[in-house]
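The values are calculated or read from the model by the stated rules, or taken from the named source; none is laboratory data. All figures in this text were calculated on a predicted structure; none of them were measured in a lab. As a convention, Cβ positions derive from the backbone with ideal geometry for all residues, glycine included, and neighbour counts pool all protein chains shown. Surface accessibility is based on the protein's heavy atoms, side chains included, excluding ligands, DNA and RNA. Shrake-Rupley method; radii C 1.70, N 1.55, O 1.52, S 1.80 Å.
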Amino acid sequence: MPDLPGLPVPELLALDRRHVWHPYGPMPGRVDPLVVESASGVRLRTSSGDLVDGMSSWWSAIHGYNHPVLNEAAREQLGRMSHVMFGGLTHEPAVRLAKLLVDMSPKGLEHVFLADSGSVSVEVAVKMCLQYWRSLGRGGKQRLLTWRGGYHGDTWQPMSVCDPEGGMHELWSGVLPRQVFVDAPPAGYEEAYAEQLRAAIERHADELAAVIVEPVVQGAGGMRFHSPAYLRVLREACDAHDVLLVFDEIATGFGRTGALFAAEHAAVTPDVMCVGKALTGGYLTMAATLCTPRVAEGISRGEVPVLAHGPTFMGNPLAASVACASIGLLLGQDWLAEVKRIEAGLREGLAPARELPGVQDVRVLGAIGVVQLDHEVDMRAATQAAVREGVWLRPFRDLVYTMPPYVTGDEDVARIARAVSAAAQEG
Ligand SMILES: *Cc1c(COP(=O)(O)O)cnc(C)c1O
């Protein structure tokens, strides 16, 4: 047997190809991934040299890698316990995290279900909503309404509200629960579209348990931005027609869009809210579903007064400790100034990309920069172009995009912008 820890890169890649499944990938893999040896600050040390991370490991590593404060939180908790079951037991990290989340999230969300991934937190959100209506004797309300272009995860209920066309889950259209879809939201406010939202909610009110959307930024479904005013339209229509409102803030949460949570752009409180990704600063897998007392009390009034959900690793103390430390780091600094600084850097750095052939749109919001092409990106060529600039990017569909860690310095932001442009040009 080979000595795995010291495995030479070619052998490691050969074993990877043969045995290891990667996200959204075939088996065996067709494109060799880069091997990451370690990561520190905003840099990944890889088999292709040191790369500035333009992806925050899919929105999560907001404070960068190998952060002394997060390391210490993990180490300290490791010395106590990495995990205990959450049934019948509780512990300070989970309780502290729940309190932090309640205090920092939109007013009115008071109860926290700790889940082990974003997709599971969306499953829990859907279960809460369906069970709420069932408990009130209105079990016919069991469908969801969403707008096209969304992404909510890869398990079954989340898949059913992802963009039904051109997305990753089109294959399953005949198998998934059939939800109600309206058009994707336009970027700016249009009264006709608001009217379409109101009409769809009214028309389907009897069968709708909830409306679920990503507020302000649609992430993996197409990196589209929309007017926060639509969130108020949804809130009012949901209230008027007895429909719950779920915000999936798994990508947008913890400052990414220039508000702590995107819901704040519209001063709207949803009935249920999912957070994940940056929750632990990218260290460990954890997500949470928050809800209002109305939802929790409704469920408790039912014939089955409990929420039958309880992942084995629910409330994991190690993840909860790091999450508390990550939130502490975020709130202990002028995070908004950092996000605005990156926003300004991306605006300036990406402006020239507008003139590139094949570029359809360039948009920046908070610490998110997007270049949309008029064709499907050649992922391999685009990735290689970024790597040549010393940057790690992961383009998809017709999009080359970045959401850097908030600690990314100005020079590195400029470098990321150059890499996005190079990837857009060569992809
Ligand atoms: C990533 C994401 C999810 C799924 O989270 P996982 O932790 O990957 O299961 C759900 N919703 C949104 C908006 C996301 O960005």
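Quick look at the numbers
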{"read-out": "Flag for Lys99 being in a loop (DSSP other than H, G, I, E, B), more than 16 Å from the ligand (Cβ to nearest atom), surrounded by fewer than 16 Cβ atoms within 10 Å (Cβ to Cβ) and on the phi < 0 side of the Ramachandran plot", "value": "no"}
{"read-out": "The one condition in (1) more than 27 Å from Tyr406 (Cβ to Cβ); (2) surrounded by fewer than 24 Cβ atoms within 10 Å (Cβ to Cβ); (3) within 16 Å of the ligand (Cβ to nearest atom); (4) in contact (Cβ under 8 Å) with a residue 60 or more places away in the chain that Trp156 fails to fulfil", "value": "(4)"}
{"read-out": "Among the residues listed as Arg45, Arg75, the single one being open to solvent by 40 Å² or more (accessible area, probe 1.4 Å) and over 30 Å from Ala220 (Cα atoms)", "value": "Arg75"}
{"read-out": "Condition met for Leu114 (of a type outside the set (S, T, N, Q) and either within 30 Å of Thr46 (Cβ to Cβ) or surrounded by fewer than 18 Cβ atoms within 10 Å (Cβ to Cβ) (or both))", "value": "no"}
{"read-out": "Segments classed as strands (runs of 3 or more DSSP E), wholly inside the range 161-280, with at least 1 members that are within 13 Å of the ligand (Cβ to nearest atom) and of a type in the set (Asp, Glu)", "value": "244-248"}
{"read-out": "Scope the range 345-363; condition open to solvent by less than 30 Å² (accessible area, probe 1.4 Å) and part of a helix (DSSP H, G or I); matching residues", "value": "Gly345, Leu346, Gly349, Leu350, Ala353"}
{"read-out": "Condition met for Thr285 (surrounded by fewer than 21 Cβ atoms within 10 Å (Cβ to Cβ), among the hydroxyl-bearing types (Ser, Thr, Tyr) and closer than 23 Å to Met55 by Cα)", "value": "yes"}
{"read-out": "Residue list for the range 84-96, filter: farther than 14 Å from Pro311 by Cβ and in a helix (DSSP H, G or I)", "value": "Glu92, Pro93, Val95, Arg96"}
{"read-out": "Tally of residues being at pLDDT below 95 and aromatic (Phe, Trp, Tyr) across the range 157-184", "value": "1"}
{"read-out": "Any hit, the range 315-337, residues being assigned to a loop (DSSP other than H, G, I, E, B) and surrounded by 19 or more Cβ atoms within 10 Å (Cβ to Cβ)", "value": "yes"}
